[in-house]
Amino acid sequence: MLLEASGLHVAYGDVRAVNGVSFALEEGELVSIIGANGAGKTSILNGIMGIVPLREGQIRFQGEDLTPLPAYRRARAGIRIVPERARVFPRLSVYENLMTGVYGLKNKIDLPRRLDWLYGLFPILKERNRQPAATLSGGEQQQLAIARALVSDPKLLIVDEVSMGLMPKLVDQVFDLLARLNREQGLSILLVEQNAMASLAISRRAYVLETGVCVHSGPAAELMEDPKVKAVYLGH
Ligand SMILES: Nc1ncnc2c1ncn2[C@@H]1O[C@H](COP(=O)(O)OP(=O)(O)OP(=O)(O)O)[C@@H](O)[C@H]1O
Ligand SMILES: [Mg+2]
C-alpha cells in the first residue's frame, strides 16, 4: 500500500469532525472520498498532512509511519496537496507560486523539463508567468494550484474539492486531466469531492463519508449503481 490511514479521529475542541475513518490507496490508484458539506473530508486531509493533530489513528506512507512527523516532513516524503479553494499566494507571481512547490525538496528533479511539461499542460501559466497570481481567474488559480502540487513530482497527489466554484466545462477538463495523469503517468491520486458523479466516474475505488464516518466503500463502478448512494449523492 502507498497510503494507509487507520482509525483516524480528528476534532477541533469539542467538535468531532472525523470518527474512526480508515482507508487505503495502492500505488498507481485513483481513489475518491466523497461526502457532503461538513462530512469531514478536509479534516481527514488536515490529519494526513499534519495540519491538525490526530486524536487517534495512524498514517502510513510507503510503509513508513508518518503519524509522529510534522507537516513539512510529510510533504517531503512525497505527498502534495491541492488545497480547497486553490489557496495560491496572491501577490507572488505565477512563477514564484510554482517555485514554492519545490521548496525544501530532497529528491532531484529536472526543473526546466518539469516546468516545460507543466506549461504544456497549462499553457495559461506560461503566458502569465510574471503576473501576480491574484490576476488569474478562479479557474486559472485552480490550475496554478495543481501545477504547484505537481512541480515536485510527488508520489501522491491529494486534491481537495477541485470542482468547487468551477463552471461545469472546467470541472470536466480538470477531471479529465487528473484521469490522464493517473493513466498515463501512473500518478497516485486521492480525490476528495462533493461532486460524487464526476469523481466516481474517474476513480477505481471510493469511500463515502457521512458526518465523520465512512458508510460505504468499494469499487467506484459498484458505488455508482448502489441504490443508497444514488439516492443520496447522485440525485436519482
Ligand atoms: N477549524 C475548525 N474549528 C472548528 N470546527 C471545524 C473546523 N474545521 C472544520 N470544523 C468542523 O468539522 C466538521 C467537518 O468539516 P470539514 O471541513 O472537514 O468538512 P468537509 O467535508 O471538508 O466539508 P466541505 O465539503 O464543506 O469542504 C464540520 O462540522 C466543521 O464545522
Ligand atoms: Mg472541505
So, first residue exposed (fewer than 12 other Cβ atoms within 10 Å of the Cβ) and of a type outside the set (S, T, N, Q) in segment 84-110, second residue at pLDDT 90 or above and not in a helix (DSSP H, G or I), Cβ within less than 6 Å, six or more apart or across chains; the pairs are ARG91/PRO132
Checked segment 33-55 for anything touching a residue at least 60 places away in the same chain (Cβ under 8 Å) and of a type outside the set (A, V, I, L, M, F, W, C); matches are GLY35, ASN37, GLY38, GLY40, LYS41, THR42, SER43
Going through (1) surrounded by fewer than 14 Cβ atoms within 10 Å (Cβ to Cβ); (2) within 15 Å of ligand 1 (Cβ to nearest atom); (3) among the hydroxyl-bearing types (Ser, Thr, Tyr) one by one, TYR72 fails only at (2)
Flag for VAL18 being in contact with a helix residue (DSSP H, G or I) (Cβ under 6 Å, 6 or more places away or on another chain), assigned by TED's automatic domain parsing to the domain that holds VAL229, assigned to a strand (DSSP E or B) and within 8 Å of ligand 1 (Cβ to nearest atom)
yes
Every listed condition ((1) modelled with pLDDT of 95 or more; (2) part of a helix (DSSP H, G or I)) holds for VAL192 save (2)
Taking the stated definitions as given, is ARG148 surrounded by 21 or more Cβ atoms within 10 Å (Cβ to Cβ) and of a type in the set (D, E, K, R)? yes
In segment 31-61, anything in a loop (DSSP other than H, G, I, E, B) and near ligand 1 (Cβ under 8 Å from one of its atoms) is listed as ALA36, ASN37, GLY38, ALA39, GLY40, VAL52
Scanning segment 19-53 residue by residue, those aliphatic (A, V, I, L, M), closer than 26 Å to PHE175 by Cα, within 16 Å of ligand 2 (Cβ to nearest atom) and buried (at least 17 other Cβ atoms within 10 Å of the Cβ) turn out to be VAL21, ILE33, ILE34, ALA39, ILE44, LEU45, ILE48, MET49
Those residues of segment 57-104 which are of a type in the set (Ser, Thr, Tyr) and in contact with a Pro (Cβ under 8 Å, 6 or more places away or on another chain) amount to SER93
Residue hits (segment 143-197; within 16 Å of ligand 2 (Cβ to nearest atom) and under 12 Å from the mean Cα position of the chain (by Cα)) are ALA145, ILE158, VAL159, ASP160, GLU161, VAL162, SER163, LEU190, LEU191, VAL192, GLU193
#### Entry: GLY28 part of a loop (DSSP other than H, G, I, E, B), assigned by TED's automatic domain parsing to the domain that holds GLU222 and at pLDDT below 95
no
The residue that is farthest from ligand 1 (Cβ to nearest atom), considering only those in segment 129-184 that are free of Cβ contacts under 8 Å to residues at least 24 places away in the same chain and closer than 30 Å to ARG60 by Cβ, is GLU184
Taking the stated definitions as given, is VAL213 of a type in the set (A, V, I, L, M, F, W, C) and either more than 16 Å from ligand 1 (Cβ to nearest atom) or surrounded by fewer than 20 Cβ atoms within 10 Å (Cβ to Cβ) (or both)? yes
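The values are calculated or read from the model by the stated rules, or taken from the named source; none is laboratory data. All of these numbers come straight from a predicted model, not from anything done at the bench. Positions of Cβ are backbone-derived with ideal geometry, glycine not excepted, and every protein chain shown enters the neighbour counts.
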